[in-house]
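Visitor: Structure in structure tokens, see below.
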Amino acid sequence: MKNQTRVAIFISGTGTNALNLMRYFQNHECVKIALIFSTRSNAHVKEISGSFNVNYIEFTYSSNLDWQDSALIACKDNQIDFIVLAGFLKKVPSVLIECFPNQIINIHPSLLPKFGGKGMYGKYVHESVISACEVKSGITIHFVNEAFDEGKIIAQFETLLAETETSETLADKIHLLEMEYFPIVLEELLS
């Protein structure tokens, strides 16, 4: 049997994509979600990750380390092969990219290259899409490089916008795309 690829998921928000990925890969023969690294307190994800036998590490700003060093140590200690950013809001430093070349992916809530870059996340993306009178939006799964949202695109999935679309209804549509397609794309990459 092929060795499992050990995956770390980095989060900064609610962790819904992390929970979805843990469920999807819980008994997978090629992929093991081994670590959740969070830059914000998240008791719910911490509890659920324990039930999936996934290590959960929460970065605390009272630590003597910065988050990058803490993340590198966590990845080394957990023998991580691949990193998934799922609602992770920090810019990934070059040292982490050099340690994991072409082994870090991100999911972004728009059809890049539109509506990407610093400060473009969550509702800010959806509000910008609607303000620009776009007829469609979607998700982009891409490799991570030193610039926000500029890495090589792996896959994109679209949804049409209604004339009455709000940032909340668009967020719901984007969330459904993430839940459906993110695990499938990750599985194709790692299997």
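Visitor: Criterion first (more than 28 Å from Asn42 (Cα to Cα) and of a type in the set (Gly, Ala, Ser)) does Ser94 satisfy it?
Guide: When the stated conditions are applied, Ser94 does not pass them.
Visitor: Can you say whether Lys46 is charged (D, E, K, R), within 19 Å of Gln156 (Cα to Cα) and surrounded by 12 or more Cβ atoms within 10 Å (Cβ to Cβ), as far as the supplied structure shows?
Guide: No: the conditions fail for Lys46.
Visitor: Let me ask something else. Report, by residue number, each residue of the stretch 120-162 that is in contact with a Ser or Thr (Cβ under 8 Å, 6 or more places away or on another chain), part of a loop (DSSP other than H, G, I, E, B) and surrounded by fewer than 16 Cβ atoms within 10 Å (Cβ to Cβ).
Guide: Of everything in the stretch 120-162, those that are in contact with a Ser or Thr (Cβ under 8 Å, 6 or more places away or on another chain), part of a loop (DSSP other than H, G, I, E, B) and surrounded by fewer than 16 Cβ atoms within 10 Å (Cβ to Cβ) turn out to be Glu146, Ala162.
Visitor: Name the residues in the stretch 163-182 that are over 21 Å from Ile83 (Cα atoms) and either part of a helix (DSSP H, G or I) or polar (S, T, N, Q) (or both), would you?
Guide: Thr164, Thr166, Ser167, Glu168, Thr169, Leu170, Ala171, Asp172, Lys173, Ile174, Leu176
Visitor: Right, another one. When you look at Val54, is it among the aliphatic types (A, V, I, L, M), closer than 20 Å to Asp149 by Cβ and surrounded by 17 or more Cβ atoms within 10 Å (Cβ to Cβ), yes or no?
Guide: So Val54 does not fit the description; no.
Visitor: Determine which single condition Arg40 fails, assuming it passes every other condition in (1) outside any helix (DSSP H, G or I); (2) surrounded by 16 or more Cβ atoms within 10 Å (Cβ to Cβ).
Guide: (2)
Visitor: Name the one entry in Glu134, Glu188 that is in contact (Cβ under 8 Å) with a residue 24 or more places away in the chain and not assigned by TED's automatic domain parsing to the domain that holds Gln4.
Guide: Glu134
Visitor: Just to verify a result, which residue in the stretch 62-114, among those that are small (Gly, Ala, Ser) and either crowded, with 22+ Cβ neighbours inside 10 Å or touching a Pro at 6+ places or on another chain (Cβ under 8 Å) (or both), is farthest from Lys32 (Cα to Cα)?
Guide: The qualifying residue farthest from Lys32 (Cα to Cα) is Ser110.
Visitor: Separate question: Determine, yes or no, whether Ala43 is of a type in the set (Gly, Ala, Ser), closer than 27 Å to Ile174 by Cβ and free of Cβ contacts under 8 Å to residues at least 12 places away in the same chain.
Guide: Judged against the criteria, Ala43 is a match.
Visitor: Shifting gears a bit: Are any of the residues in the stretch 45-61 over 23 Å from Thr140 (Cβ atoms), β-branched (Val, Ile, Thr) and assigned to a loop (DSSP other than H, G, I, E, B)?
Guide: Yes, some residue in the stretch 45-61 is over 23 Å from Thr140 (Cβ atoms), β-branched (Val, Ile, Thr) and assigned to a loop (DSSP other than H, G, I, E, B).
The values are calculated or read from the model by the stated rules, or taken from the named source; none is laboratory data. The structure presented is a predicted model; accordingly, all values stated were derived computationally and were not measured. Here Cβ is always computed from backbone atoms with ideal geometry, including for glycine, and neighbour counts include all displayed protein chains.
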